[in-house]
Amino acid sequence: MTAPATPLTQLPAWKALEAHHKAIAFQHLRHLFAEDPARGTRFAVEAEGIYLDYSKHRITDETLKLLLQLADQSNLRARIDAMFRGDKINITEDRAVLHIALRAPKGAVINVDGKNVVPEVHEVLDRMAAFSNRVRGGEWKGHTGKPIRNVINIGIGGSDLGPVMAYEALRHYSRRDMTFRFVSNVDGTDFAEATRDLDAEETLFIISSKTFTTLETMTNAHTARQWALAKLGDEKAIAKHFVAVSTNGAEVTKFGIDTANMFGFWDWVGGRYSMDSAIGLSTMLAIGPDNFHQLLAGFHAIDDHFRTAPFEQNLPVLMGLLTVWYTDFFDAQTVAVLPYDQYLKRFPAYLQQLTMESNGKHVTLSGARVNYETGPIFWGEPGTNGQHSFYQLIHQGTRLIPADFIGFSKTLNPLGNHHDLLMANVFAQTEALAFGKTAEQVQAEGTPDWLVPHRVFEGNRPSSTLLLNELTPESLGKLVALYEHSVFTQGAIWQIDSFDQWGVELGKVLAKKIIGELAAKNSPTDHDSSTNTLIARYRKQRG
Ligand code: F6P
């Protein structure tokens, strides 16, 4: 066990940060920049083609020193080594946490229970590539001999959010003559709308589920089976129109998919860390094996950086420590993620599962209740849309909302001066958030006195800017890996298990009971009075 024996709040660096916070809480970024003209370059790091400017944060050299000490005293280095070594750091499920093995180069050696898992990873990648090439090349035919033109991924959570985010992000690199859709919700509308205009003869379903038991996915998978059979009229068609991605061969067979058409992964890949496993099959079908390998190379570059870079130059470590700083010392409840790239429109949704399912925990590794805040709420929308909706609250509301701005120097769609306009907004927003506008400045513009307080921007609102060159499969891999390891860093500091998700269980169990009750003759009476009434009312209105 590599977690420190000392509770977090007893660590000397934590206590020092508490005292330090009192000293700097009221210092303004205007002042910090004024007293150090080099601040904008001193608090910036570049690695693997990603430039992180974290100068517009409410930190000083002392803050950084103490946060880095906190990382050391939290045994972060040992915990990183334990993950990369394949130790079972997911203690409540007794599992290794090895998404880093999914993108390890062929010759690497990563052992789980004494067995090198890298050859198996590449074996699956090779099978995925062969399959993708056959489908993309029109060689893999549907039951009636037509090539596949439509791919529908059925999955939920990590078996959906990664694939849909990656497809949207990399649409520029995708096969434009093929249709890719993603069905996740058990709401029948999702399936109905995804399939209503598709020809079953040209449609391939990928049933993606680590466990192959998830209610939503299995319900949608059975509906897909019926839909395909109704149109194709032959059980034999299933083999040509359904493939599975799972760790559970027995359940895949039970469903009726030949395991020859199954792409496997392993229990040491968490659902929310699985977009670069076989769960990325839809991504590979869309962008092709070469681009998928570029995506993996991007992930791997940041894995290496995270494992080897000194913490003061380590992008995910810095990002993770800043999240801890605001969550625990400024009581910030949320982090806004603001990608200034339309292709990244699903990135905040993807990050919500990655961050919140990982660090939404209130118990430490040793089972004690934490006496500090853990995982903040991640949310966001692509810029510039958010500016015309919720930025008002970030600028002038009463809450402190640290924000990550993500931008690219080059656009994939050069149209007039759109890209300069877009990026001007990134720089303008971070500047406005940090420096604001004083009452004196507002008055000097001739604003009447009564209106001045309304037009003042206090500023001192922190943000990071991540500037990358261009959105490519490789840079997307890097971006995702940055956040994966930032989440790891936060979890290590908070002394929690970032890799289990017990909090999703109770609702699933209760839903199973209620499903039966909705079909029963009489409404149930053994719930609380609210739940009983709601069920009875629903049954009555439903008829
Ligand atoms: O219920 C949450 C969860 O277990 C996620 O962690 C996971 O990504 C999702 O459900 C889907 O699980 P599966 O891939 O097993 O269908």
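The values are calculated or read from the model by the stated rules, or taken from the named source; none is laboratory data. Remember, it's a predicted structure, so these values are computed and weren't measured experimentally. Here Cβ is always computed from backbone atoms with ideal geometry, including for glycine, and neighbour counts include all displayed protein chains. Side chains are part of the model used for accessible areas, which takes the heavy atoms of the whole protein and leaves out ligands, DNA and RNA. Shrake-Rupley method; radii C 1.70, N 1.55, O 1.52, S 1.80 Å.
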> Assuming LEU451 fulfils every condition listed in (1) over 21 Å from the mean Cα position of the chain (by Cα); (2) surrounded by 15 or more Cβ atoms within 10 Å (Cβ to Cβ) apart from one, which condition is it?
Replying inline: (2)
> Filtering the range 113-159 down to residues that are more than 22 Å from THR179 (Cα to Cα) and among the β-branched types (Val, Ile, Thr), which residue is surrounded by the most Cβ atoms within 10 Å (Cβ to Cβ)?
Replying inline: VAL121
> Out of curiosity, is ASN153 within 16 Å of the ligand (Cβ to nearest atom), under 26 Å from the mean Cα position of the chain (by Cα), under 30 Å from GLN342 (Cβ atoms) and among the polar types (S, T, N, Q)?
Replying inline: yes
> What's the number of the condition PHE84 fails, among (1) open to solvent by 20 Å² or more (accessible area, probe 1.4 Å); (2) on the phi > 0 side of the Ramachandran plot?
Replying inline: (2)
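So, restricting to helices (runs of 4 or more DSSP H) that lie completely within the range 160-265, which ones have at least 3 residues that are aliphatic (A, V, I, L, M), within 16 Å of the ligand (Cβ to nearest atom) and open to solvent by less than 50 Å² (accessible area, probe 1.4 Å)?
Details: elements: 161-169, 188-195, 215-232, 238-241, 249-255.
Output list reads 161-169, 215-232.
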> Which one of ILE493, ILE514 is open to solvent by less than 50 Å² (accessible area, probe 1.4 Å), more than 16 Å from the ligand (Cβ to nearest atom) and either farther than 21 Å from ILE91 by Cβ or in a loop (DSSP other than H, G, I, E, B) (or both)?
Replying inline: ILE514
> Looking at GLU440, GLU470, GLU445, GLU458, which one is exposed (fewer than 15 other Cβ atoms within 10 Å of the Cβ) and in contact with a strand residue (DSSP E or B) (Cβ under 7 Å, 6 or more places away or on another chain)?
Replying inline: GLU470
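List the helices (runs of 4 or more DSSP H) that sit entirely inside the range 27-81 and contain at least 3 residues that are touching a Lys or Arg at 6+ places or on another chain (Cβ under 8 Å). Talk me through it step by step, then tell me what you get.
Working: elements: 29-35, 39-42, 61-73.
Ranges flagged: 29-35.
Evaluate the following for GLY397: is it within 28 Å of LYS437 (Cβ to Cβ) and more than 17 Å from the chain's Cα centre (by Cα)?
Considered against the rule, which asks whether it is within 28 Å of LYS437 (Cβ to Cβ) and more than 17 Å from the chain's Cα centre (by Cα), GLY397 comes out as yes.
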>> Restricting to the range 267-300, name every residue that is open to solvent by 20 Å² or more (accessible area, probe 1.4 Å) and away from the ligand (no atom under 16 Å from the Cβ).
In response: ASP290, ASN291, HIS293, GLN294, ALA297, HIS300
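Residue by residue through the range 253-268, note down the ones that are in contact with a Gly (Cβ under 9 Å, 6 or more places away or on another chain) and either modelled with pLDDT under 95 or of a type outside the set (Gly, Ala, Ser) (or both). First the steps, then the outcome.
Applying the first criterion (in contact with a Gly (Cβ under 9 Å, 6 or more places away or on another chain)) to the range 253-268 yields 259, 262, 264, 268.
Selection gives THR259, MET262, TRP268.
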> With (1) assigned to a loop (DSSP other than H, G, I, E, B); (2) touching a residue at least 24 places away in the same chain (Cβ under 8 Å) as the list, and LEU17 as the residue in question, which single condition is left unmet?
Replying inline: (1)
